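*Asks:* Structure below; questions to follow.
Values in this text are rule-based calculations from the coordinates and carry no lab data. Values in this document were obtained by computation on a predicted structure and should not be read as measured data. Here Cβ is always computed from backbone atoms with ideal geometry, including for glycine, and neighbour counts include all displayed protein chains.
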Amino acid sequence: MKTKVLHNRLEQINGLYTELMGHYQVLLGDTEKIAEIAAGLVFEGENPNLPDASLASLHETLEHRQKIMQQVDTVKNDSQPLEAEVQAILHLKNFDLAKIIQLASTPVAHQLAEKQQQMTELLLRIAHLDQANQKLLAEKLVMLGQVVHKLNRGKIAREGYGQNDSISPESRFFDERK
């Protein structure tokens, strides 16, 4: 009876791990998209063309990524009671697939171990890309700050020489009286 329950729980966990793999692959795709968007952001020159579409796409991708991470948390929460039940059946202190395979060497247990390895590899790739994206976006933010500083400096200089962006009422009065 316990063997059947164990097999059943391992099958359920396997299904949840399959779902997690799908979510992690979507996260990897979103992370790669963020890298592409960040690489395309250009803030140079006196009149930078602020890429509104790119920033909107970045925002959408980050929101989508957040939704996927919430789904990952839900799946992980769903798997915890099943993993705890497997631990109890096999009298384990924690959910260790290597020990589970030793105690109950079933094809499902081997599939779980393989999926866990694949998920670990995906997560490492995501973490590496996230780190690179964070660095790149920080650099882009510094560039944007420099451009804004240059623009402000230019505006202050124009104002100092009487070249305001808008015409003041006093200027209009003198121009009309000539």
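*Asks:* Report the calculated FRET efficiency for Q71 and V148 (r = Cβ-Cβ distance, R0 = 41 Å), to the nearest 0.05.
*Replies:* Working: r = 37 Å, r/R0 = 0.91.
Step by step, r from the Cβ atoms, then E = 0.65.
*Asks:* Under 22 Å from the Cα of K2, which lysines turn up, not counting those fewer than eight places away in the same chain?
*Replies:* K93, K99
*Asks:* Within straight cross-link reach of K140, meaning Cα distance under 20 Å, which lysines are found once same-chain residues fewer than 8 apart are removed?
*Replies:* The reachable lysines, counting only those whose Cα sits under 20 Å from K140, are K33, K150.
*Asks:* Residue separation times 0.36 nm, minus the C-alpha to C-alpha distance between Q131 and S57: what's the value?
*Replies:* Stretched out fully, the Q131 to S57 stretch lengthens by 24.7 nm.
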